Amino acid sequence: MAALLDSVRAFFAPKNDDAFLIDRENPSDVVARECLLDRAMGVGRRKKSSEALRRNRVPAEGLALVARDTSGHVIGTVRLWHIDAGITPEGNAVPALLLGPLAVDADHAGKGIGGALMRAAILEARKHGHGAILLVGDAPYYERFGFTTEKTATLVMPGPSARERFLALELRDGWLEGAAGVLTASGAKMLEAPLKKAA
């Protein structure tokens with residue numbers, strides 16, 4: 001956690017009323033995160049194409065981040081997930097990350113929390129050695145972080161999505177060069193809770 005905090009220390013807001021901290025998500029954040037996502041995106045969020053790549057999967061190691069207010073409450077969230085971004089002409093899978101969802105509590109909008117989460121996520125993905133991040137989102141917002149449609153032209157989401165919202169950022173130059181096909185989930189599967197045996 002120290003490395004993450006060192007890398008995002010600049011993302012603290014200067015005023016006490018607007019102060020926030022970017023931190024790693026921990027197991028006690030699950031309920032707060034899910035409630036935040038339901039409020040921000042609606043209960044229909046689980047029907048989105050990108051959800052098919054996240055369902056029953058575990059986020060990439062070290063890449064589930066939250067923003068906390070001065071009381072430690074979760075006021076923002078972003079997670080990144082292992083995927084294969086199509087295959088190369090030689091038939092090799094292209095490992096990458098899928099970002100999302102990114103959400104900030106409406107009561108804390110306009111404080112730069114979303115941008116801080118994005119910068120922290122990109123920085124941590126680079127530090128972990130990942131080659132590219134893909135997402136589905138509003139291009140005018142994500143372009144400021146370097147995301148474009150240029151690298152997704154030969155890639156396809158596994159369900160309905162608008163091409164102009166399918167974006168990518170290469171963390172290593174040429175990482176997605178020649179990659180084509182449908183995105184597939186490649187992350188570790190979530191372990192199911194063991195069933196209790198009847199006495």
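FYI, it's all coordinate maths here, none of it is from the lab. These numbers come from a predicted model, not from an experiment. Quick reminder, even Gly has a Cβ in these numbers, built from the backbone with ideal geometry, and neighbours come from all protein chains shown.
Quick notes on this one:
- Near the amide H of E25, within less than 5 Å, lie the amide hydrogens of A64, L65, V66, all on another chain or at least 5 residues away, with H placed in the peptide plane.
- Mean ellipticity per residue at 222 nm, deg cm²/dmol - from DSSP H runs of n ≥ 4 across the chain, formula -39500 (n - 2.57): -6000 deg cm²/dmol
- For the chain, averaging the sequence separation of C-alpha pairs within contact (under 8 Å, six or more residues apart) and dividing by the residue count gives a relative contact order of 23 percent.
- Three-way shape call for segment 32-76 based on the alpha-carbon gyration tensor, with the a/c threshold at 1.5: oblate
- Alpha-carbon centroids, segment 62-109 and segment 120-187: separation in whole Å: 12
- Neighbour-limited loop hits for GluC sites (Glu not before Pro), segment 41-114 (at most 10 other Cβ within 10 Å; DSSP other than H, G, I, E, B): E90
- Extent along the principal axes, Cα only, for segment 2-185: 53, 34, 30 Å, with the longest axis given first.
- In a DSSP loop and with at most 16 other Cβ atoms within 10 Å, the GluC sites (Glu not before Pro) in segment 116-199 are E177, E192.
- Rounded if a/c under 1.5, otherwise prolate or oblate - segment 79-199, Cα gyration tensor axes: oblate
- Unit charges on C-beta of K, R, D, E only; dipole of the chain, Debye: 540
- Take every DSSP beta bridge whose two residues both sit in the chain; close to 90 percent of them are antiparallel.
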